[in-house]
1. Rounded to two decimals, what is the ratio between the C-alpha radius of gyration of region 10-190 and 2.2 N^0.38 Å?
2. Fewest first, what order do D142, D100, D85, D70 take by the number of other Cβ atoms within 10 Å?
3. If you add up the charges near A159, with Lys and Arg at +1 and Asp and Glu at -1, over every other residue whose beta carbon is less than 10 angstrom from its beta carbon, what do you get?
4. If you keep only loop residues by DSSP, which trypsin sites (Lys or Arg not before Pro) in region 104-162 have at most 14 other Cβ atoms within 10 Å of their Cβ?
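Any read-out appearing in this document is the output of simple, stated calculations on the displayed coordinates, not a laboratory observation. From a predicted model like this one, the values you see are computed outputs, not experimental measurements. So basically every Cβ, Gly included, is an ideal-geometry build from the backbone, and we count neighbours across all protein chains shown.
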Amino acid sequence: MFSISSGRSILGSIFFVYLWIFYYTKFHASYIETRFALSIFLPNILLGQAIGRWGNFFQQDVYGNVAANDLAMLPEFIREHMYIDDAYRQPLFLYESILDFLGWIIIISILKNSKKIKPGVHAGFYLFWYGMIRASLELFRDNTFIMHIGNVPTSFVLALIFMFIGLFIMYYYQFLFVKKEVWIKFNYKQKKKQIFSNLTNFWNLIIFKLSFNNFLLNIKKNKKKYNIYVGNLNFLKVEKFKKTIITEY
């Protein structure tokens, strides 16, 4: 949206994807929990990144520094395409593609199949995993493809921030959010007890009224006049009724 750096990065896209998910689930689809939406959408970006990095390979951009060897361990078509400016270059696209795919496999095959991992943790792991990958590979990029704001390498700094945010999200959704749920459930149980207690008190109140009316009926039958005084009637807590004082005159 704004040209504040010497290029574009997927880190900005990830940031706005998170903002959109948060905004959408809070104001347009409140029946969807934000943590579930994050766990569904964010980790799958890794698969898209793993595929998308091959675009850098075909375009011969975002490559690394000069390789210390001739990349003999790689297939011939990769070696030939990484021969740029009279030197073999580090195939950063390949490293990141493999690591992105590995992170996606970890999330869908291990984290999402574990009953101990809570919703939302997967999104935090994604941010941590990709932040770690990006911060590491930024150190091997050719200077041509390192974005700066002033003298600050923006992608490297943002990748570190992503790592710490990812760690915080994992900790929050795994531990703090669970405590919040337990607190809500605890209060719900307390609320049920309170409702049951109120119903009990209401029933006691009905019995009290019936007994009291029966008492008045007996008075009329006996044709006696009484001054009846009931002190501190508390209809919500029948057990605290004061003793009924009956005075004949």
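1. Numbers: Rg = 19.6 Å, N = 181, 2.2 N^0.38 = 15.9 Å.
Here the answer is 1.23, to two decimals.
2. Values: D142 17, D100 24, D85 9, D70 12.
In order of increasing Cβ crowding within 10 Å: D85, D70, D142, D100.
3. Details: positive: R134; negative: E138.
Every neighbour counted, the sum reads 0.
4. Values: sites: K112, K115, K116, R134, R141; in loops: K112, K115, K116.
Within region 104-162, the qualifying trypsin sites (Lys or Arg not before Pro) (loop, at most 14 other Cβ atoms within 10 Å) are K115, K116.
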